[in-house]
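Report on the following structure.
The values are calculated or read from the model by the stated rules, or taken from the named source; none is laboratory data. Not measured: the values here are computed from a predicted model. Glycine also receives a Cβ, built like all others from the backbone with ideal geometry; neighbour counts cover every protein chain displayed.
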Amino acid sequence: MNSTTTTTQIAYPLIGVAILFAIWGAYCWLFSVPEVVLPSPGQVAVAFFDSFGVLMREGWVTLVETVLGFALAMAVGLPLAVAIANSRPLNLMFYPLLVALQSVPKVALAPIVLVWLGTGLESKLAIVWLVAFFPIIIDTAAGLRSTPRELIQLAHSLKASPWQIFYKVQFPAALPFVLTGAKVAITLAVIGAVIGEFMGSSSGLGYLLLSATSQLNTPLAFAALFALSFLGLGVYAVVELVEIAIARWLPPRATGH
């Protein structure tokens, strides 16, 4: 990727954001929209910088919930995906069930999780795990099953052990699927953390958003929304960097580039 392409990929989104902010500000000014209904970009910016310390403190709480829940989803999802992909009985028994469970709204499960685990960190991690787990296991299992049959047969002919076949053939071929699932899961993890904070919490950006809304402090509520957006972009960028680092060690076919 050359510098011109990189500059274009950065410049165009920034221009789009600038246009949206200009339309937003013009609408608030032309129609004299009350601050409590829709604050102007300037009012949100003032609230963001005035409350920067609070946003950082509450954002750290949400970040910890997001990262720990995502790590738990990876730790559980990857081994289960390997088991399902390499066992026909397990695949027939559990893969359709996983797809069906994925369609269940996680917001509907959050109150049950709170009853089971209370309002502490455990319930937040459970909700994050619920929303992040399914993309990881489904994408990873799909990637493992898509390994070219010829490569597996060649590995068998070379007397490779099952572990060698997995480590040197299946997993590299499935890695682009794993990374795709991880990128989807990390963004959903932020949503899961906010859902948990909405349902029962005394800290985090989700709690701050609810608190600001209940006090009709709409600029602070919008500032919390922007902080959540920055947090989501940040954790997504980390997964992207991991993908770039791993891609250097994989053959072009396996990386999908």
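Surrounded by fewer than 19 Cβ atoms within 10 Å (Cβ to Cβ), free of Cβ contacts under 8 Å to residues at least 40 places away in the same chain and out of contact with any strand residue (DSSP E or B) (no Cβ under 7 Å at 6 or more places or on another chain), is that true of Val99? Here the answer is yes, as Val99 does meet what is asked.
For segment 141-186, filtering for residues that are farther than 25 Å from Tyr236 by Cα and among the β-branched types (Val, Ile, Thr) leaves 4.
Of all the criteria given as (1) closer than 23 Å to Ala75 by Cβ; (2) part of a loop (DSSP other than H, G, I, E, B); (3) in contact (Cβ under 8 Å) with a residue 40 or more places away in the chain, the one not satisfied by Thr119 is (1).
Results for (1) over 22 Å from Gly192 (Cα atoms); (2) among the polar types (S, T, N, Q); (3) in contact with a helix residue (DSSP H, G or I) (Cβ under 7 Å, 6 or more places away or on another chain), shown as yes or no for each residue.
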position	(1), (2), (3)
Thr62	no, yes, yes
Gly69	no, no, yes
Ala100	no, no, no
Ile136	no, no, yes
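Can we say Val37 is in contact (Cβ under 8 Å) with a residue 40 or more places away in the chain, assigned to a helix (DSSP H, G or I) and either over 23 Å from Val131 (Cα atoms) or in the same structural domain as Thr140 (by TED's automatic domain parsing) (or both)?
Taking the combined requirement at face value, the residue does not satisfy it.
To keep it simple, each residue is scored yes or no on (1) of a type outside the set (D, E, K, R); (2) modelled with pLDDT of 90 or more.
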| site | (1), (2) |
| --- | --- |
| Phe21 | yes, yes |
| Tyr27 | yes, yes |
| Ala73 | yes, yes |
| Leu92 | yes, no |
| Leu97 | yes, no |
| Lys106 | no, no |
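The residues of segment 108-138 that are farther than 20 Å from Val64 by Cα and surrounded by fewer than 20 Cβ atoms within 10 Å (Cβ to Cβ), listed by number, are Ala108, Leu109, Pro111, Ile112, Val115, Trp116. Taken over segment 147-175, residues that are assigned to a loop (DSSP other than H, G, I, E, B) and surrounded by 14 or more Cβ atoms within 10 Å (Cβ to Cβ) amount to 2. Does at least one position in segment 7-16 carry a residue that is over 28 Å from the mean Cα position of the chain (by Cα) and farther than 19 Å from Gly234 by Cβ? Looking through segment 7-16, none of the residues is over 28 Å from the mean Cα position of the chain (by Cα) and farther than 19 Å from Gly234 by Cβ.
Taken together, the residues in segment 220-242 that are surrounded by 15 or more Cβ atoms within 10 Å (Cβ to Cβ), in contact (Cβ under 8 Å) with a residue 60 or more places away in the chain and over 17 Å from Ala45 (Cα atoms) amount to 2. Taking the stated definitions as given, is Thr140 farther than 24 Å from Ile195 by Cα, in a helix (DSSP H, G or I) and among the hydroxyl-bearing types (Ser, Thr, Tyr)? Yes, satisfied.
If you check Val44 against the conditions, is it assigned by TED's automatic domain parsing to the domain that holds Phe166 and over 24 Å from the mean Cα position of the chain (by Cα)? Answer is yes for this residue.
When restricted to residues that are small (Gly, Ala, Ser), assigned to a helix (DSSP H, G or I) and more than 30 Å from Gly143 (Cβ to Cβ), segment 47-87 contains 3.
When restricted to residues that are of a type in the set (S, T, N, Q), within 18 Å of Phe49 (Cα to Cα) and part of a helix (DSSP H, G or I), segment 214-232 contains 2.
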